[in-house]
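Here is the structure we will look at, set down as structure tokens.
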Amino acid sequence: MYDSTLVDCTSTKDLKPLDEIIGQERAVTALNFGLNIQEKGFNIYASGMQGTGRKSAVKKYIDTLAQAKPPAHDWVYVNNFENPYEPNAIQLPPGMGKAFKADMATFIADAKRIIPRVFEGEDYVNRREAAVRSIEEEKAQLFARTDQFAQEKGFVVQPGPQGLLTVPVKGGETLSQEEFLALPEQEQQEYQKRREELLVEIRNTFRQLRDLEQKGREAVDSLNREVALSAIGREMASLRDKYSGVEEILPFFDAVEHDIIENLPQFMAEEAQPQAQAQTPPQFQNPLFRELAFRKYEVNVIVDNADHQGAPVIFEQNPTYQNLFGKIEKEVQFGMFTTDFTMIRPGSIHKANGGYLVMAVEDLFRAPFSYDGLKTALRTSEVTIEDPGERMGFMTAKGIKPEPIPLNTKVVLIGTPLANQILYTQDPEFQELFKVKAEFDTSMERNEENVSRYAAFICSLCREFSLHHLDPTAIARVVEYGSRLAADQQKLSTRFARIGDIIKEASYYASLEKSEYTTGAHIQRALDERVYRSNLIQEKIQEYITRGIFLIETEGANVGQVNGLSVISLGDIEFGRPSRVTASIGVGKPEIMDIEREAEMGGPLHTKGVLILAGYLNNRFAQDKPLSLSARLVFEQSYEGIDGDSASSTELYALLSALSGLPLKQTIAVTGSVNQNGEVQAIGGVNEKLEGFFEVCKARGLSGEQGAMIPASNVQNLMLKDEVVEAAKAGNFSIYPVRTIDEGIEILTGVRAGERQEDGTFEKGTVNYLVDKRLREMAGALKAFTSPGK
């Protein structure tokens with residue numbers, strides 16, 4: 001138990017909150033390197049188990065780092081007047097995007113107000129009339145010259161239903177058709193000849209008229225352009241001056257100016273058609289169309305960093321393709337889907353451009369196309385907004401294709417070590433794009449410095465969530481719980497999510513009792529309640545053992561039978577379960593059959609452990625004779641799969657007991673793996689296993705002879721419940737650490753194991769002597785049975 005007197009405070013309220021990442025020096029070093037190196041491909045994979053503080057640590061470190069970085073650029077999309085299907089992207093200094101959008105809106109509003117007023121002004125009317133008057137005078141002169149020419153030829157030119165008519169004149173009077181036909185033939189021919197000359201002149205006149213009309217239109221258009229440019233010139237010059245430092249904007253201003261001049265009718269007021277144009281085109285007469293026509297001058301700000309201090313940091317919780325890379329929205333107009341550059345919407349990667357983008361790799365995998373899209377963006381260093389269906393070639397509908405935006409983002413993926421291994425081994429591109437791994441450990445050293453930092457973490461947690469502060473007994477209990485989670489007396493767990501949950505639950509119980517501080521009793525209650533909420537299955541198993549449904553003996557001794565220990569994991573809880581392990585032997589083909597494996601209930605690690613037993617027997621007893629042992633090993637009343645080699649020593653003890661005929665104490669449960677040299681090796685879940693057998697013994701009554709045998713190398717992992725520790729101190733429950741099979745068999749049988757003597761035999765009466773003797777008898781029996789004539 002951690003001594004609460006070592007806690008140097010009256011409560012965590014007196015401590016300074018933690019402002020650093022604790023227990024993750026390796027990960028912090030990797031983060032520092034990966035986030036600061038600028039070369040391509042040095043993105044980061046933060047690897048660690050759930051609850052190790054990966055996300056909070058990454059967020060805290062990146063937030064601090066980002067504050068020291070300059071703000072990222074703004075990005076806007078504007079209309080491409082040459083090709084509206086390919087909008088242009090423009091990079092602006094931080095905060096200028098909104099200003100540019102507002103300035104353009106103001107400019108267009110001014111243009112819509114100023115242009116109609118200018119064209120309705122007296123100055124424009126006079127200048128236009130002057131330009132038109134000169135053209136009309138020239139046209140009048142042409143008509144006069146044509147009339148003169150017609151008179152000279154004996155005709156007058158009159159308008160008719162199908163154009164101009166040339167009517168012959170004689171004696172000052174026009175001739176009707178009948179009168180003309182009554183003329184002599186020669187005179188008619190003369191008239192006809194002069195008419196042909198007149199028609200040539202008329203055609204020349206019409207050509208000249210068309211030229212004059214074209215000249216007039218050009219003069220009016222030139223005047224309109226001059227007037228319009230003069231009208232918007234000051235505002236446009238002001239925009240050019242303001243944004244002169246952004247080279248990409250200047251061509252856009254030129255295009256806007258040119259488009260306004262070419263589309264002056266859309267700027268004219270409805271109630272007063274301009275003198276410059278006889279009639280506004282029909283498409284501009286509908287109010288909806290009039291508004292849509294002005295969209296092309298808008299500015300679509302997709303990234304705005306006006307309010308950001310430092311580089312952007314984006315944590316994307318739902319990295320679907322559209323959330324990550326943006327989308328192009330559509331709207332229905334007159335029964336049709338339409339879109340334009342104003343409907344381009346950004347994704348997280350746009351917002352993180354120039355900064356940092358953080359995602360959970362599991363979330364990324366659940367979103368179709370997102371991982372491939374991310375790799376493409378990082379590989380090409382640019383972001384393209386497109387529909388995922390178009391990206392995969394499923395859709396061919398015509399739409400806009402925005403200009404790609406250059407990408408300069410540091411990406412951090414947060415995931416498990418297994419996901420990292422899969423990506424690294426199965427995806428060659430992953431190695432090139434995520435070259436830095438920041439690995440988060442699940443434990444740290446238990447020393448005074450880290451205990452103090454643990455207490456500072458508790459202080460930060462209490463302040464952040466307005467919890468009851470912890471007194472020294474509670475801090476000590478949390479430290480003990482941290483070592484329990486780490487399953488090591490010399491370590492503290494860095495699974496701060498689990499630690500935090502217990503502190504929050506304990507604070508709730510402190511509130512129920514109206515306690516000023518959370519105490520050690522509250523922490524213990526939180527731990528007990530958490531177990532109680534999840535241990536229904538464990539209690540059922542304990543009940544079945546107590547009632548004799550599951551056969552587990554805790555008294556006496558039996559040959560070839562021993563209590564083994566295993567761990568059952570239900571996700572939110574792990575607990576130990578004792579199981580009876582038995583061995584049966586006979587003469588026959590040398591084989592140790594694992595019944596679990598034969599029934600396809602044993603995993604590969606368990607099978608490996610059983611095969612090691614044969615290696616041990618060969619090494620110890622088959623140096624001067626062949627093994628003729630046919631053995632069967634089984635976990636009795638096991639109805640689920642079994643894996644792991646932590647029961648291999650247990651099975652070996654049962655086998656040695658069956659061979660020697662010596663009974664094994666049923667008061668002692670056993671766990672531990674074994675190698676071929678008979679050394680007992682460390683296993684996992686030692687605390688849960690011991691506590692599981694302790695619960696059975698407690699239910700049946702502690703006799704003082706009960707206990708558990710564990711590998712000696714697991715003693716440092718013991719972080720047992722208080723009641724187990726108290727029972728051990730009182731001599732009611734014992735723990736036997738062993739290093740070898742010989743040590744263990746002596747404890748279980750009460751008989752010396754026996755060493756091999758110089759003549760190759762074992763000391764008489766020892767366990768190994770009896771085993772060796774039995775194996776020799778079995779080899780002889782098999783030889784006699786298989787000899788010829790038998």
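A few remarks follow.
- Shape analysis of the stretch 730-790 places it in the prolate category; the axes a ≥ b ≥ c from the Cα gyration tensor give an a/c of at least 1.5, with a/b above b/c.
- Once backbone amide H atoms are built at 1.01 Å from N, L565 has S579, V670 as its partners under 5 Å, excluding neighbours fewer than 5 places away on the same chain.
- Cβ-placed point charges (K, R +1; D, E -1), dipole of the chain about Cα centre in debye, nearest 20: 2340 debye
- Taking every DSSP bridge with both residues inside the chain, close to 60 percent are antiparallel.
- Protection proxy ranking, peptides 183-190, 531-538, 738-745, average beta carbon neighbours within 10 Å, highest first: 738-745, 531-538, 183-190
- Sequence-ordered 3J(HN,Hα) estimates for the stretch 241-253 from the Karplus curve with 6.51, -1.76 and 1.60 and θ = phi - 60° stand at 5, 5, 10, 5, x, 10, 4, 5, 7, 4, x, 5, 4 Hz, glycine and proline given as x.
- Annotation: lysines with alpha-carbon distance below 24 angstrom to K540 (same-chain offsets under eight excluded): K689, K698, K721.
- J(HN,Hα) series, the stretch 399-412, from Karplus relation 6.51 cos²θ - 1.76 cosθ + 1.60, nearest Hz, glycine and proline x: x, 7, 10, x, 5, x, 9, x, 10, 9, 10, 8, 9, 10
- Within the same chain, aspartates and glutamates fewer than 8 places from K215 are excluded, and of the rest, those with a Cα less than 20 Å from its Cα are E129, E136, E137, E138, E226, E262.
- Residue-normalised accessible area of the chain, given per residue in Å² at a 1.4 Å probe: 50 Å²
- The chain shape via C-alpha gyration tensor axes, a/c threshold 1.5: prolate
- Taking the 1.4 Å solvent-accessible surface of the stretch 362-481 as the whole, the part contributed by carbon and sulfur is 51%.
- Candidate lysines for bridging to K59, where Cα separation is under 18 Å - those fewer than 8 sequence places away on the same chain excluded: K69, K351, K410, K437
- Local net charge near Y517, Cβ-Cβ under 10 Å (Lys/Arg +1, Asp/Glu -1): -1
- Seen against the Cα atoms of the chain and their longest principal axis, helix 448-465 is set at about 50 degrees.
- Against the chain, whose longest principal axis is taken from its Cα atoms, helix 536-546 shows a tilt of about 20°.
- Near T409, the amide H atoms lying under 5 Å from its own belong to G354; only residues 5 or more places off or on other chains count, and H is placed 1.01 Å from N.
- Amide H contacts under 5 Å for I302: W75, V76, Y77, restricted to partners 5 or more places along the chain or on a different chain, H placed in the peptide plane at 1.01 Å from N.
- Backbone geometry of the stretch 506-513 corresponds, through the Karplus equation with coefficients 6.51, -1.76 and 1.60 at θ = phi - 60°, to 3J(HN,Hα) couplings of 5, 5, 5, 5, 5, 5, 4, 8 Hz, x marking Gly and Pro.
- For the stretch 679-730, the dipole from Cβ point charges (+1 on Lys and Arg, -1 on Asp and Glu) about the Cα centre works out to 60 debye, to the nearest 20.
- Selection from A111, L92, P168 lying farthest towards where the dipole of the stretch 90-199 points positive, charges on Cβ: L92
- Calculated [222 nm] ellipticity per residue, helices only, for the chain: -15000 deg cm²/dmol; basis is -39500 (n - 2.57) per DSSP H run with n ≥ 4, divided by all residues, nearest 500.
The values are calculated or read from the model by the stated rules, or taken from the named source; none is laboratory data. What you are looking at is a predicted structure, and each value in this text was computed from that prediction instead of being measured. When we count neighbours, we look across all protein chains shown, and the Cβ atoms used for this are built from the backbone with ideal geometry, even at glycine. Side chains included, ligands, DNA and RNA excluded: accessible areas come from the protein's heavy atoms. Shrake-Rupley method; radii C 1.70, N 1.55, O 1.52, S 1.80 Å.
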